[in-house]
Amino acid sequence: MKSLASLALVLFLAGCEGRHNWLAAAGEEARSVETLFWVLLAGAAVIWSLVIGAATYAHRAEAKPEREQEARRFILWGGVALPVLVVGGLLVWGLLILRDITADDGALTVRVDGERWWWRVIYDTPEGLVTTANEIRLPLGERALFRLTADDVIHSFWVPALGGKMDMIPGRETTLALTPKRLGNWGGLCAEFCGGAHALMRFDAIVMEPEDFEAWLAHEAQPAQVDEGDPGFAVFDEEGCGACHTIRGTNAQGPVGPDLTHLAARDKLGAGIYEMTPETMARWITETHEMKPDIDMPAYPDLQGARLDALVTFLMSLE
Ligand code: CUA
């Protein structure tokens, strides 16, 4: 029994380690869900003790027919009225939290589309739309409203440290607010089984000082600085990469895959799963499906040597 309990504790703590820890809330919405959780847990412990205490007492005490009426009243209050009050109160509280975290307002609007198996991220700014992928940056202390949808299957958008999770449904828009309260790189992930690479569908959620965020967003809005004579861009062009990928400022305007305009400015490759380095980039191009099974991007195993180097150098220059 003791070893079972310690095993459960170890598993529990292991699950809480690291940046995906929703029990160490880094945002306002996560904080309200966390508070609800602790109140539920404490309340459940108190009620469980009372019920077990009453059951033990009933088992040991002698039956007294003259107290039958009193016992019936106890059951009515404790077994009907109290649960209705408690569950009703929790329902109202939960609905209030839900209303708050899905309310249609925010200082910043971010549209996120769930794709197979990556995230299309579009900042909706007064100056226009700014498209990126697989990395979401947010200003500290500002409420960001997410408008979520999906391309073809249902995904679920979740940044555990910042807030609740929300389904992303094809043909429909759902909303979710996140108000970050701590700087840091909080991981996000897909929380709904969506097919082959579901477990590899992650992203970085980076909370920055508001002025750093503004500078970052202004930079993201710029087109790429590409020299059309770049040998790596020539390889990109010849291999047809631009049919799927966009690099703003060039003739590559493909709408299918992630936007690559500022690819190398992102920390991770492959939707939050690899560090962005020349080595992982080269492998991503040549051993695509060993890197991430089931994805739509074709592998280019024949691309080797100088041409591969030129392409990787070019992609890593897209900052
Ligand atoms: Cu997308 Cu699971």
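The values are calculated or read from the model by the stated rules, or taken from the named source; none is laboratory data. Here the structure is a predicted model, which means the values were calculated and not measured. Note: ideal-geometry Cβ built from the backbone for every residue, glycine included; neighbour counts use all protein chains shown. These accessible areas exclude ligands, DNA and RNA; they are computed on the full protein's heavy atoms, side chains included. Shrake-Rupley method; radii C 1.70, N 1.55, O 1.52, S 1.80 Å.
Using a probe radius of 1.4 angstrom, the carbon and sulfur fraction of the accessible surface of the chain is 62%. Heavy-atom accessible area for Leu82, with the other protein chains in place and a 1.4 Å probe, reaches approximately 90 Å². Filter the GluC sites (Glu not before Pro) in the range 161-243 down to the DSSP loop ones having no more than 12 other Cβ atoms within 10 Å, then list what survives. Here the GluC sites (Glu not before Pro) that fit, given the DSSP loop and packing criteria, are Glu173, Glu228. Relative to the longest principal axis of the Cα atoms of the chain, the long axis of helix 2-16 lies at roughly 40 degrees. Fully extending the segment from Phe193 to Ala215 would add 4.4 nm, taking 0.36 nm per residue of separation and subtracting the current Cα-Cα distance. In the range 26-174, Cα pairs under 8 Å separated by at least six residues give a relative contact order of 24 percent. Taking every alpha-carbon pair under 8 Å whose residues sit at least 6 apart, the chain reaches a relative contact order of 16 percent.
Note on the range 231-316: Rg/Rh from C-alpha atoms, Kirkwood Rh, equals 0.92.
Computed with a 1.4 Å probe over protein heavy atoms only, the accessible surface of the range 231-316 comes to 44 Å² per residue. At R0 = 51 Å, how high is the FRET efficiency between Asp267 and Ala81 if r is their beta carbon distance? Nearest 0.05 is fine. So, using R0 = 51 Å, E works out to roughly 0.40. Binning the alpha carbon pair distances of the chain at 10 angstrom intervals from zero yields the distribution 5, 21, 26, 19, 11, 7, 5, 3, 1, 0, expressed in whole percent. Normalising the average separation of contacting C-alpha pairs (under 8 angstrom, six or more residues apart) by the number of residues puts the relative contact order of the range 231-316 at 30 percent.
Relative to the current alpha-carbon distance between Asn21 and Ala103, full extension at 0.36 nm per residue lengthens the span by 27.1 nm.
Backbone amide hydrogens, once placed in the peptide plane, bring Trp117 within less than 5 Å of Asp296, excluding anything fewer than 5 places away on its chain.
Taking all protein chains together and rolling a 1.4 Å probe, His289 ends up with roughly 80 Å² accessible.
Count neighbours as other Cβ atoms within 10 Å of each site's Cβ, and list the GluC sites (Glu not before Pro) in the range 251-309 that are DSSP loop with at most 14 such neighbours.
Counting only loop positions with at most 14 other Cβ atoms within 10 Å, the GluC sites (Glu not before Pro) in the range 251-309 are Glu287.
With the whole protein complex present, Arg120 retains an accessible surface near 40 Å², based on a 1.4 Å probe.
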